[in-house]
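To keep things clear, I will list the structure first and then write my remarks on it.
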Amino acid sequence: MAVWIDIDPRSGVPIYVQLAAQVRHAVEVGGLGPGEKLPTVRGLAEELAIAPNTIVKAYNELQREGLVESRPGVGTVVAEGVAEVARGRQREAIFERLRVLVRDAAALGITEDDLWEGLDSEFERIPREKGEER
């Protein structure tokens, strides 16, 4: 199962951060769904040739984020309701990009009206749900 995990010990990014990021991404894009079992700590540590404590640290971080849960006798699994957690994270990321966009626009002298016009224009390009009128 851990074939999709690609750890680079020379990247300068801590291994547990790389591992957590890859599992997080797999959950967010639907590669891992609710109830799916993650590799065991021991098995993944052996497969990736890293310390088991590194795996535990990554799994603990994911558990704090609400993406996975530990089930006695089963192991670590993707948490139920993970779609809502992922959606919340994606909303936060969009609003962070919006904050950066507004700061950049202000620095470039782009007016609020121009930004609204551009935003409205982009929304017009998005197909609406059936039955919804423009």
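Closer than 18 Å to Trp4 by Cβ, open to solvent by less than 80 Å² (accessible area, probe 1.4 Å) and of a type in the set (S, T, N, Q) - does that describe any residue in the range 60-79?
yes
Does Glu46 satisfy being open to solvent by 70 Å² or more (accessible area, probe 1.4 Å) and without any contact (Cβ under 8 Å) to a residue 40 or more places away in the chain?
Criteria met by Glu46.
Given the options Leu115, Leu119, name the one that is over 17 Å from the mean Cα position of the chain (by Cα) and loosely packed, with under 13 Cβ neighbours inside 10 Å.
Leu119
So is Val68 hydrophobic (A, V, I, L, M, F, W, C) and under 21 Å from Gln90 (Cβ atoms) or not?
yes
Could you tell me whether Ala51 is out of contact with any His (no Cβ under 7 Å at 6 or more places or on another chain), surrounded by 10 or more Cβ atoms within 10 Å (Cβ to Cβ), under 30 Å from Asp8 (Cβ atoms) and at pLDDT below 90?
It is false that Ala51 is out of contact with any His (no Cβ under 7 Å at 6 or more places or on another chain), surrounded by 10 or more Cβ atoms within 10 Å (Cβ to Cβ), under 30 Å from Asp8 (Cβ atoms) and at pLDDT below 90.
Check off (1) surrounded by fewer than 14 Cβ atoms within 10 Å (Cβ to Cβ); (2) under 16 Å from the mean Cα position of the chain (by Cα); (3) at pLDDT 90 or above for Leu19 and give me the number that stays unchecked.
Status for Leu19: all satisfied but (1).
From the list Arg103, Arg87, exactly one residue is open to solvent by 50 Å² or more (accessible area, probe 1.4 Å) and either among the hydroxyl-bearing types (Ser, Thr, Tyr) or modelled with pLDDT under 95 (or both). Which is it?
Arg87
The values are calculated or read from the model by the stated rules, or taken from the named source; none is laboratory data. The model shown is predicted, which means the values in this text are computed figures rather than measured ones. Ideal geometry is used to build each Cβ from the backbone, glycine not excepted, and the neighbour counts take in all protein chains shown. Note: accessible area is taken over every heavy atom of the protein model, side chains too, but ligands, DNA and RNA are not part of it. Shrake-Rupley method; radii C 1.70, N 1.55, O 1.52, S 1.80 Å.
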